[in-house]
Amino acid sequence: MSCSLTQGFPLACRNGVGGIKAIFLTEQSSLASLSASGGTVTAITLTGGAQFFQYSLRKATSEYTETIETNEANGSVYYKDDIKVVLYQLSANKWSEFNLLAQNLLLVIILDNMGNYWLTGTVNGAQLQTSSGKTGKAFGDLNGYDLAFLAEEPQPMYAVPAALMPALLA
């Protein structure tokens, strides 16, 4: 078999936490170049003037799931990245921006609660699948938005070193 295994993994320490702190979005067409090695981005350049925009998230509200999808009959493997975020307080400004998100293919960087950055959408782009705004009924209910993004890519999410982030946000 040409796809030989290369390693095993010991039982990890119980020091992990779930959830995501922020997502960073830009148009996929802004990607000028990307270099990676071993699943980690080594260099990334955006077209002139482009930048990622940060969407900060409250704890315990947002998540991402990466699933390996296989098809035995077709011999295919791809990676499905589902990103679900909650943003607070309805506003015309936010709704207008979400409309722009829905019209674009996107690059998405996720900052998880372990301090790791993950990039998806580099080949096929991520799409805003659904966005719903709601007021809730009771005072304690959500007044805000649920957004769901989906990327289907030929490779898993790339790790992005924190040192590369300042240039992507400038």
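The values are calculated or read from the model by the stated rules, or taken from the named source; none is laboratory data. Computed from a prediction, not measured in an experiment: that's the story for all the values here. A quick note on method: Cβ atoms are made from the backbone with ideal geometry, for glycine too, and the neighbour counts reach across all protein chains shown.
Between residues in the stretch 107-123 that are surrounded by fewer than 20 Cβ atoms within 10 Å (Cβ to Cβ) and residues that are assigned to a loop (DSSP other than H, G, I, E, B) and modelled with pLDDT of 95 or more, which pairs lie under 9 Å by C-beta distance while being six or more apart or on different chains?
Listed by first residue and then by second, the contacts come to 123/154; 123/155.
Surrounded by 12 or more Cβ atoms within 10 Å (Cβ to Cβ) and either modelled with pLDDT of 95 or more or assigned to a loop (DSSP other than H, G, I, E, B) (or both): is that true of residue 139 in this structure?
Against the criterion (surrounded by 12 or more Cβ atoms within 10 Å (Cβ to Cβ) and either modelled with pLDDT of 95 or more or assigned to a loop (DSSP other than H, G, I, E, B) (or both)), residue 139 does not qualify.
Is it fair to say residue 97 is assigned to a helix (DSSP H, G or I) and either within 20 Å of residue 160 (Cα to Cα) or not small (Gly, Ala, Ser) (or both)?
Yes: the conditions hold for residue 97.
Taking interchain pairs and intrachain pairs at least six residues apart, which have beta carbon atoms under 9 angstrom, with the first residue in the stretch 147-170 and of a type in the set (S, T, N, Q) and the second surrounded by 13 or more Cβ atoms within 10 Å (Cβ to Cβ)?
That search, which allows pairs on different chains as well, returns 155/36; 155/78; 155/79; 155/122; 155/123.
Select from the stretch 124-136 the residues that are polar (S, T, N, Q) and either in a strand (DSSP E or B) or surrounded by 14 or more Cβ atoms within 10 Å (Cβ to Cβ) (or both) and list them in ascending order.
The answer is 124, 127, 129, 130, 131, 132.
Can you confirm whether the stretch 70-87 contains a residue that is among the β-branched types (Val, Ile, Thr), closer than 17 Å to residue 151 by Cα, in contact with a helix residue (DSSP H, G or I) (Cβ under 8 Å, 6 or more places away or on another chain) and at pLDDT 95 or above?
no
Considering only the stretch 12-35, state which residues are among the basic types (Lys, Arg), loosely packed, with under 10 Cβ neighbours inside 10 Å and in contact with a strand residue (DSSP E or B) (Cβ under 7 Å, 6 or more places away or on another chain).
Matches in the stretch 12-35: none.
Could you grab me the full set of residues in the stretch 43-76 that are in contact with a Ser or Thr (Cβ under 6 Å, 6 or more places away or on another chain), assigned to a strand (DSSP E or B) and in contact (Cβ under 8 Å) with a residue 40 or more places away in the chain?
Across the stretch 43-76, the qualifying residues are 43, 46.
Among 85, 108, which is hydrophobic (A, V, I, L, M, F, W, C), part of a strand (DSSP E or B) and under 14 Å from residue 168 (Cβ atoms)?
108 is the lone residue from the list that is hydrophobic (A, V, I, L, M, F, W, C), part of a strand (DSSP E or B) and under 14 Å from residue 168 (Cβ atoms).
When the residues of the stretch 68-91 are filtered to those that are acidic (Asp, Glu) and out of contact with any Leu (no Cβ under 8 Å at 6 or more places or on another chain), which remaining residue is nearest to residue 109 (Cα to Cα)?
Out of the qualifying residues, it is 69.
Being in contact with a helix residue (DSSP H, G or I) (Cβ under 8 Å, 6 or more places away or on another chain), closer than 20 Å to residue 109 by Cα and among the β-branched types (Val, Ile, Thr) narrows it down to one of 42, 47, 65, so name that one.
When all the criteria are applied, what remains is 47.
Of all residues in the stretch 142-170, how many are over 19 Å from residue 83 (Cβ atoms) and assigned to a strand (DSSP E or B)?
Residues flagged as over 19 Å from residue 83 (Cβ atoms) and assigned to a strand (DSSP E or B) within the stretch 142-170 amount to 0.
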